[in-house]
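Enquirer: Sharing a structure here in structure tokens format.
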Amino acid sequence: MINQDITNYMANCFKNVTLANQPNGQGKFFADKSYAFDTVFFCSRFISRFRFGNMFNKHEYKEKSNNYIKDLFCLQPNAAQIQNYMTETIALLCFAKILKASSIKQGVYEIIDDDLLDFISTSFENAYIFQYLLAYSVFHNDNLWDFYKEFCKAEHTTDKQKIYDRYRHKYAITDTRVKDLEKGHAMFTPKFPMVVMNYINKQNMCSRTGKVQDNLVNINDISLNQEGTRAGSLANLMMPKKNSYLQDFSISYVVESLRPFLTQQYDTFKNIQYSDSYSIDIADVKLDMLDSEGKTSERKRKMQSGKYKKTSTGQIVRTVQGEFRNSLFKITPHTCPICGFKYENFLIASHIKPYSKCDDTYDAMNPYNGLLMCPICDKLFESANYITIDCKTGNVICDSTIENEIDFQYLRNKQLPIDYIDCERKHYLKWHNDQYYKKHSI
Ligand SMILES: [Zn+2]
């Protein structure tokens, strides 16, 4: 049950993570929601549930995730911070290279480490183990580990305070997000990894304002679902507060998973108390409720259409053709733009730049990289073998082999309505034109 393999695997995955590498939108280290293990667990489990194929669309599930967070953390329905739980968790998962932003504007993320996402979303303890190893790796890579060892060794709070002050300064100048050393999160972000690590290493609590307290970090300090965090009236909440997972948290399981990475010595546990049922139940009761609302059948369909296929280069990729087709149906008329064919069941979601040639999921899933076509026009257009559509004019350009064919006379002087040649599609059609001219240049 203790999976030392995954612990080592994870430590290896994080061996290059650093505070100096937080490019905009591509990931962020702990923030004031995502340092909490329950936040990371709940949000990861949501992502696992509502992913399709290797994608997660944050915007599409915004309302559901807000609803989920509101109930699990007993927040006021319109509390401004609700969306930060998911946003900051996603940023953390990107930082850890578990997710990758495909299109920040559209809120689309690619899941690039399935194993780790599964691991984190399986239990609260696993979410904590993930966070610990991430903090541990950052400390190592950013030369903060010596401070941390010193901090743990120091006996008196006053000595720890001096080390903590030096650590915070070093942290702030390393964190690329910090603009002003004396302001805002420069002052409080160093607290997060410290508190996460201090919990299992039995070290003192450190405050946002930089004070080392006399008490040790306890489980409440690394979670957000605690008594006293609910503001205002609770009368309209759907679910009673369920935070007894704080008491059920299996320290023995966590210690045995993290033992090589701890500064604190623990004796060997005679037996490990661990049950994964409870933490999962809390999340799944709510996920099931959300999942049974509205678009369930549509989402299931999306899941089913997430197949594997082999590309021409022999690479195995997941396809999400059904999803691509659905989004194309939303943005274009249900008609083949070349010949006017209308029977929907036969309309094909044709990629302009083929799926196998797309550099990322954004291109692969972008409906503007597609046209709904009848089977014949799709065949002509595919791989730019016979026709292309001029990206500037919308004119259909035919090659000489079909130009004089009696069956294809309708292609002559054919021009697509200007609506089809909008900005993004123009970009993909340009690619298609280039392919066409490459093939027909001889
Ligand atoms: Zn057609």
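The values are calculated or read from the model by the stated rules, or taken from the named source; none is laboratory data. Being a predicted model, the structure only gives us computed values, none of them experimental. Methodologically, a virtual Cβ is constructed for each residue, glycine included, from the backbone with ideal geometry; neighbour enumeration extends over all protein chains shown. Accessible surface areas use protein heavy atoms only, side chains included; no ligands, DNA or RNA. Shrake-Rupley method; radii C 1.70, N 1.55, O 1.52, S 1.80 Å.
Enquirer: Mind checking whether some residue in segment 388-408 is open to solvent by 60 Å² or more (accessible area, probe 1.4 Å), closer than 16 Å to I338 by Cβ and in contact (Cβ under 8 Å) with a residue 24 or more places away in the chain?
Expert: No, there is no match, as no residue in segment 388-408 is open to solvent by 60 Å² or more (accessible area, probe 1.4 Å), closer than 16 Å to I338 by Cβ and in contact (Cβ under 8 Å) with a residue 24 or more places away in the chain.
Enquirer: Right, D363: modelled with pLDDT under 90, on the phi < 0 side of the Ramachandran plot and assigned to a loop (DSSP other than H, G, I, E, B) or not?
Expert: Details: modelled with pLDDT under 90: yes; on the phi < 0 side of the Ramachandran plot: yes; assigned to a loop (DSSP other than H, G, I, E, B): no.
Answer is no for this residue.
Enquirer: When both residues are 6+ apart or on different chains and their Cβ atoms are under 8 Å apart, which pairs have a first residue that lies in segment 332-355 and is within 11 Å of the ligand (Cβ to nearest atom), and a second that is acidic (D, E) and modelled with pLDDT of 90 or more?
Expert: Going by the 8 Å Cβ cut-off, the qualifying pairs are I348/D378; S350/D378; S350/E382.
Enquirer: While we're here: Tell me which of these F37 doesn't satisfy, since it passes every other one: (1) under 30 Å from Y136 (Cβ atoms); (2) open to solvent by 30 Å² or more (accessible area, probe 1.4 Å).
Expert: Condition (2) is where F37 drops out.
Enquirer: For residues that are under 18 Å from N395 (Cα atoms), within 16 Å of the ligand (Cβ to nearest atom), open to solvent by 20 Å² or more (accessible area, probe 1.4 Å) and not charged (D, E, K, R), tally how many sit in segment 356-382.
Expert: Selection size over segment 356-382: 1.
Enquirer: Hey, any hits in segment 383-394 for a residue that's at pLDDT 85 or above, more than 16 Å from the ligand (Cβ to nearest atom) and of a type in the set (K, R)?
Expert: yes
Enquirer: Any idea which of Q83, Q106 is assigned by TED's automatic domain parsing to the domain that holds D284, free of Cβ contacts under 8 Å to residues at least 40 places away in the same chain and over 30 Å from P260 (Cβ atoms)?
Expert: Within the list Q83, Q106, the selection yields Q83.
Enquirer: So C94 clears everything in (1) within 29 Å of E424 (Cα to Cα); (2) in contact with a helix residue (DSSP H, G or I) (Cβ under 8 Å, 6 or more places away or on another chain) except one condition, right? Which one?
Expert: For C94, the failing item is (2).
Enquirer: Give segment 145-164 a look and list any residue that's open to solvent by less than 70 Å² (accessible area, probe 1.4 Å) and either in a helix (DSSP H, G or I) or modelled with pLDDT under 95 (or both), or say none.
Expert: W145, F147, Y148, F151, C152, T157, D159, K160, Q161, I163, Y164, listed by residue number.
Enquirer: While we're on this one: Based on what the data block shows, is D142 of a type outside the set (A, V, I, L, M, F, W, C) and either open to solvent by 20 Å² or more (accessible area, probe 1.4 Å) or touching a strand residue (DSSP E or B) at 6+ places or on another chain (Cβ under 7 Å) (or both)?
Expert: Criteria not met by D142.
Enquirer: For segment 380-411, name all the residues that are farther than 16 Å from Q435 by Cα, among the β-branched types (V, I, T) and touching a helix residue (DSSP H, G or I) at 6+ places or on another chain (Cβ under 6 Å).
Expert: I402
Enquirer: Moving to a separate point now. Testing S441 on (1) in a helix (DSSP H, G or I); (2) modelled with pLDDT under 90; (3) surrounded by fewer than 11 Cβ atoms within 10 Å (Cβ to Cβ), one condition comes back false. Which one is that?
Expert: (1)
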